[in-house]
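Since the structure comes first, as structure tokens, the remarks are kept for the end.
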Amino acid sequence: MSVIAFSLRKSGRVKTLISAKRSAKAKRKAPGSAKQARSRLVILSTCFILAYCAMFARMTEYGFSPAEATASIPANNNIAARPDITDRNGELLATDIHTVSMFAEPFRIVDLDETVEKISALFPDLDRKSLYAKLSDKRQKFIWVRRQLTPKQQSEVLKLGIPAIGFRPEVKRFYPDGRIAAHVLGYVDIDNRGVAGMEKYLDMQGLSDLKSVGLTTEEALKPIRLSLDIRVQNIVYDAVRHAMSEYKSKAAGAAVIDIHTGEVLALASAPDFDPNDPQADGGDGWLNRMTNGTFEMGSTFKTFSMAMALDSGVTKLSDTFDATTPLHFGRFTIHDDRDVPRRWLTVPEVFRYSSNIGTAKMMDRVGMDNQKAYLTRFGLLTRMETELPEVKTPSQPKVWKKINAITISFGHGVATTPLQTAVAGAALVNGGELIEPTFLPRTAEAAEQTAVRIVKPSTSDTIRTLFKLNGEEGSGKSADVPGFHVGGKTGTANKVINGKYSHTLSFNAYLAAFPIDHPQYVVLSFCDEPLSGEGTTSTFATNTAAPMVKQIVARAAPMLNVVPDFEPTMVANY
């Protein structure tokens, strides 16, 4: 046997011996290993059973809990942040509704590209680049993705199955009537804070301060009742929108005021906006031209010029004024329209024919200082006081000269807001007392405590008579409504375009009261830059602003419980 063969045989014996030893050792350890394996299996099974039991218990809890506790948009009254707003009759104008907003936790996002793609597909108006930038910042623990989702939108987001997306309950302000009373109600921002109108007024009264410190009380959240009558508001809104489309106007507006309380029953301005989505139409509609726009009111101002001339005693109704030739003041010439008779005119004729010459001569008697004092007393040169925050201060000459006094007498040179013109007009027909306008309910007794006398009762009686004369025989005939006897004064003011008065564009207004024998309400309408009139191409106030008042009175008077009188009326013959 060779050495190599012997070595192999010996090696094989060694391996066989080692294998035999290992087998014997394994047989000795087998019973213990099996027991350890069984113990581990029992522990693992127990853990699984406990986990499933916990999940089952949690699901059972959800199953038996009320629906509101697990609803995606919880009905939790504690979330409400603002009080309801109603009209004078309790009709809901603004309320809070429950909604949710979507947020993201960037540090938990697994696939950024997929997340951005899915969300952008669901909300195409989101800026994809901005969203990507915000979600890619892993340092951010919380960012808003989309505020105030609808239940359907939330359901669609949930279907995406993105773990880093969540929802928080919020409230959204809802206006059931949409645009109808937009400029009065105003609107709120994304955080439910008042931005304009009565919504902002509420925050200015301390509501926002209470909310910021978590002290909003039940008293603060009681419904707020306004002076508006939503029925009349609808009528005024329709008339304003009709004027915009029918007369091809740049803008239009109207208001109805109770002359004994100062309550604003309706106010509309167009263009307007939807308070449920204020950004939808851009910024042009946000301007409330009735309170936050100032205009030269044209011949409606002759009402105030007539009142101050009669009240100061420098003019009597029996006086006459020479209107045969134009007036010259330096390089300025004052003339009348073609329809004004070229002769001596009585005071009522000056008003009925709207004579610039007669009014200028009347104001010359009053004097510039007295004129300025009266206009201040009428509230036409100072900022109007009312609840709406959007109120513009009238403009007037920095230095009053005689030519300013003359042109202001017939409505050029001073620009006021339409609402304060209506308020001053109400004072001239209610017996002579100026009552600040309000958008909150007010009794006649409460109004009397704050009223300020601006003219004698006899002056007020005369203005009513002149309104009646113009409503029956003058430029206001197109506003008369059978049975309700509307009287007033029209005004057609040439617009200032690039520093010069235009001969084609005008601002038209009608200051009216009804029923004129015993006035209860003042209506002021305006039509800015109309290109046509009621059934005609003429764009004077008698063809635009006056028909607006007719539409309003014809529909609103019965709702306001004004009793019609179909007996023929007589106008004093002066």
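What follows draws every value from the coordinates through simple rules; no lab data is involved. Remember, it's a predicted structure, so these values are computed and weren't measured experimentally. Positions of Cβ are backbone-derived with ideal geometry, glycine not excepted, and every protein chain shown enters the neighbour counts.
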Once both axes come from the Cα atoms, what is the angle between helix 545-559 and the longest principal axis of the chain, in degrees from 0 to 90, rounded to 10? 70 degrees
Exposure-ranked with fewest Cβ neighbours within 10 Å first, PHE329, PHE301, PHE48 stand as PHE48, PHE329, PHE301
Between the range 509-562 and the range 384-419, what is the separation of their alpha carbon centroids in Å? 23 Å
Would you pull out the residues with amide H under 5 Å of ARG453's amide H, same chain only if 5 or more places away, H placed 1.01 Å from N? LEU434
Relative packing of peptides 371-377, 549-555 - highest average C-beta neighbours within 10 Å first: 549-555, 371-377
For GLY533, which sequence-distant residues (separation of 5 or more, or a different chain) have an amide H within less than 5 Å of its own amide H, given hydrogens modelled in the peptide plane? SER538
Go through LYS200/LYS222; LYS316/LYS456; LYS392/LYS489; LYS372/LYS392; LYS398/LYS489; LYS118/LYS138 and tell me which ones have a Cα-Cα distance over 26 Å in this structure. LYS398/LYS489
Stretchable slack from LYS248 to ALA57, in nm (0.36 nm times residue separation minus alpha-carbon distance): 61.9 nm
Report ³J(HN,Hα) in whole Hz for each residue of the range 475-483, in order, from the Karplus equation J = 6.51 cos²θ - 1.76 cosθ + 1.60 where θ = phi - 60°; Gly and Pro get x. 6, x, 4, 6, 9, 5, 10, x, x
Give, as a single signed number, the net charge of other residues whose beta carbon lies under 14 Å from the beta carbon of THR443, with Lys and Arg counted +1 and Asp and Glu -1. -1
Through the Karplus equation 6.51 cos²θ - 1.76 cosθ + 1.60, θ set to phi - 60°, convert the phi angles of the range 307-320 into ³J(HN,Hα) values in whole Hz; use x for Gly and Pro. 5, 5, 5, 6, 5, 7, x, 7, 9, 10, 4, 7, 5, 10
Over the Cα atoms of the chain, what is the Rg over Rh ratio if Rh follows Kirkwood? 1.36
On a 19 Å Cα-Cα criterion, which of the cross-link pairs LYS302/LYS500; LYS361/LYS401; LYS152/LYS172 come out too long? LYS302/LYS500
Which order do the peptides 505-514, 307-316 come out in when sorted by mean C-beta neighbours inside 10 angstrom, highest first? 505-514, 307-316
For the range 351-360, take each phi angle, set θ = phi - 60°, evaluate the Karplus expression 6.51 cos²θ - 1.76 cosθ + 1.60, and give the result in whole Hz per residue in order, putting x for glycine and proline. 6, 5, 8, 6, 7, 5, 5, x, 5, 4
Would you please state which residues of the range 155-181 a label at PHE103 would reach in this model, taking the label point 7 Å out along Cα→Cβ and a backbone N cut-off of under 17 Å? 163-172
Would you mind ranking HIS183, HIS412, HIS335, HIS328 so that the residue whose beta carbon has the fewest other beta carbons within 10 Å leads the list? HIS328, HIS335, HIS412, HIS183
Taking r as the C-beta separation of THR325 and GLN520 and R0 as 25 Å, the FRET efficiency to the nearest 0.05 is 0.05
